[in-house]
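Student: Structure provided below as structure tokens; questions to follow.
The values are calculated or read from the model by the stated rules, or taken from the named source; none is laboratory data. Since we're looking at a predicted model, the values are computed, not measured. Positions of Cβ are backbone-derived with ideal geometry, glycine not excepted, and every protein chain shown enters the neighbour counts. Calculation scope for accessible area: heavy atoms of the full protein, side chains included, ligands and nucleic acids excluded. Shrake-Rupley method; radii C 1.70, N 1.55, O 1.52, S 1.80 Å.
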Amino acid sequence: MSWLVTGGAGYIGAHIVESLQASGLHPIALDNLSTGHAHFLPPDVPLVHGDILDTKLLENTLRTNHASGVIHVAGYKYAGESVNRPLHTYEQNVEGTRSVLDAMHRAGVHRIVFSSSAAVYGTPEVPRVTESTPKNPTTPYGESKLIGEWLIRDQAAATRSTGHPLQHTSLRYFNVVGSSSERVVDTSPYNLFPLIFRALSENVAPVIHGADYATPDGSAVRDYVHVADIAAAHAVAAKKLSDGEPLLTAYNLGSGTGLSVRQIMNAARDITGIAFDPAVGPRRQGDPDRIVASGASATRDLEWTMRYSVEEMVRSGWAAHRANQQEESDER
Ligand SMILES: NC(=O)c1ccc[n+]([C@@H]2O[C@H](COP(=O)([O-])OP(=O)(O)OC[C@H]3O[C@@H](n4cnc5c(N)ncnc54)[C@H](O)[C@@H]3O)[C@@H](O)[C@H]2O)c1
């Protein structure tokens with residue numbers, strides 16, 4: 001039973017591939033390597049080097065591998081940049097998702113798990129975001145993920161009365177961090193963990209953006225979750241869809257508690273052994289005090305649990321960062 005992972009050579013996709021393998025499902029990755037790397041994948045996992053906008057290639061890949069489902073991870077994920085690149089963002093995330101659904105329909109593949117995002121909620125001012133919290137995306141990125149969810153919903157409705165209705169769920173991630181293998185690292189130039197690690201490698205103090213939020217230590221609180229937990233939830237979702245078990249249309253993969261930026265900086269100081277005082281910069285426009293999600297629905301249906309402490313998140317992320325730095329300098 002094989003599952004196609006679009007974006008399987010990326011940070012989260014490569015972790016999902018490993019979780020599928022561990023669950024006895026057979027992953028195949030399809031990736032254009034725009035931000036991913038072939039060496040992120042375990043050596044025994046086939047990689048189709050191609051683009052999700054190439055519907056024919058997707059269809060052929062699904063057919064030749066007798067795929068039973070798709071985990072659609074590929075996308076353009078830079079929320080801030082998406083404001084300057086709306087056309088690119090919509091092409092990748094909306095047209096890309098349409099192409100995946102079209103190829104699945106043509107190839108007779110009826111199960112999809114979609115990488116969605118907390119960005120569909122915008123900046124919710126609620127103590128804990130649930131799946132029914134209003135969706136008010138504030139960037140083209142968030143809008144494109146919400147439209148991706150709608151496309152899947154509408155295709156499911158359109159196929160409901162056929163013999164093969166589309167079975168689906170969307171998993172909304174918040175801040176994904178850490179690594180389960182030194183081979184795979186978050187390459188984002190904007191996410192907090194890579195920013196901290198890069199600053200420390202360059203002997204520069206990492207920056208806390210805003211220290212006057214209404215939180216216990218004044219820094220913003222977000223929902224950081226270990227990528228291995230995120231990946232595991234995909235394998236459970238794929239298995240449940242394969243077994244014909246009903247799932248909700250969307251799940252938050254959240255911790256329910258959250259961590260502050262300062263807590264993460266403290267863990268980074270302890271784990272790396274580098275003594276530093278974070279610099280404090282101005283708040284970033286539109287950043288709320290706290291965004292924390294309830295993972296209760298995912299706990300009920302997807303065996304969702306937070307297995308890793310903040311120290312483990314930082315330790316594994318730092319180890320992967322250092323291993324990849326070494327690899328980059330060996331290549332030069
Ligand atoms: N990292 C996070 O904190 C986070 C949070 C919420 C949602 N997400 C979503 O999770 C998904 C994966 O994120 P990530 O952090 O692993 O990012 P990533 O950039 O490491 O992975 C994306 C992968 O998709 C591939 N890709 C991009 N466009 C493609 C295309 N047109 N055709 C084929 N392959 C393509 C890239 O080469 C890369 O391997 C994205 O859809 C992102 O929006 C990520």
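Student: Under the rule of at least 5 residues apart or a separate chain, name every residue whose amide H is placed under 5 Å from the amide H of Gly122.
Tutor: Sorted by chain and number, the residues that satisfy this are Asn136, Thr138.
Student: Let me ask something additional. Give the range of the longest stretch in the chain that excludes all chymotrypsin sites (Phe, Trp or Tyr not before Pro) found in loop regions by DSSP and having at most 16 other beta-carbon atoms within 10 Å.
Tutor: In the chain, the maximal stretch lacking such sites is 1-189.
Student: Just the number: Rg to Rh for the stretch 32-148, Cα atoms, Kirkwood Rh, two decimals.
Tutor: 1.01
Student: Roughly what % of DSSP beta bridges within the chain run antiparallel, to the nearest 5?
Tutor: About 5 percent, rounded to the nearest 5.
Student: Non-local amide H neighbours of Ala250 (under 5 Å, H modeled in plane, Pro and chain starts lacking H): which ones?
Tutor: Excluding prolines and chain starts, which carry no amide H, the hits are Ser170.
Student: Roll a 1.4 Å probe over the protein chains and send me the accessible area per residue for the chain in Å².
Tutor: I get 43 Å² per residue for this part.
Student: Under the rule of at least 5 residues apart or a separate chain, name every residue whose amide H is placed under 5 Å from the amide H of Ser117.
Tutor: Sorted by chain and number, the residues that satisfy this are Tyr173.
Student: When DSSP assigns beta bridges and you keep just the ones with both residues in the stretch 142-272, what percent turn out antiparallel, to the nearest 5?
Tutor: 20 percent
Student: Hey, if you drop one equal point scatterer on each alpha-carbon of the chain and run the Debye formula without solvent, what base-10 log of I(q)/I(0) do you get at q = 0.10, 0.13 Å⁻¹?
Tutor: Relative scattering, expressed as log10 I(q)/I(0), comes to -0.56, -0.96.
Student: Taking all pairs of different Cα atoms in the stretch 125-246, averaging 1/r and flipping that mean, what Kirkwood radius in angstroms comes out?
Tutor: In the stretch 125-246 this quantity evaluates to 18.0 Å.
Student: Less than 14 Å apart at the alpha-carbon level, and either on another chain or at least 8 residues along: which aspartates and glutamates does that give for Lys240?
Tutor: Asp301, Glu303
Student: Scattering from the C-alpha atoms of the stretch 203-282 alone, worked out with Debye: what is log10 I(q)/I(0) at q = 0.27 1/Å?
Tutor: Once normalised to I(0) and log-transformed, intensities are -1.28.
Student: Calculate, for His39 and Ser132, the FRET efficiency according to 1/(1 + (r/R0)^6) with r their C-beta to C-beta distance and R0 41 Å; round to the nearest 0.05.
Tutor: 0.50
Student: Oh, and also: Quick one: with all protein chains in place, what share of the accessible area of the chain is carbon or sulfur, to the nearest percent (1.4 Å probe)?
Tutor: 50 percent
Student: Based on the Cα atoms of the stretch 84-157, what semi-axes does the equivalent ellipsoid have, where each is the square root of 5 times one gyration tensor eigenvalue, given in whole Å with the largest first?
Tutor: In descending order the semi-axes read 24, 16, 8 Å.
Student: Run a plain Debye calculation on the stretch 136-182 (Cα atoms as equal point scatterers, no solvent) and give log10 I(q)/I(0) at q = 0.29 Å⁻¹, rounded to two decimals, same order as the q list.
Tutor: Each listed q corresponds, in turn, to -1.05.
Student: Give me the lysines in straight-line cross-link reach of Lys77: C-alpha distance below 25 Å, same-chain residues under 8 apart excluded.
Tutor: Straight-distance partners of Lys77: Lys56, Lys135, Lys145.
Student: Taking the highest mean first, how do the peptides 99-110, 277-288 order by number of other beta carbon atoms within 10 angstrom per residue?
Tutor: So the peptides 99-110, 277-288, ranked by packing, come out 99-110, 277-288.
Student: State, as an integer percentage, the relative contact order of the chain based on alpha-carbon contacts under 8 Å between residues 6 or more apart.
Tutor: Normalised by residue count, the contact order of the chain is 19 percent.
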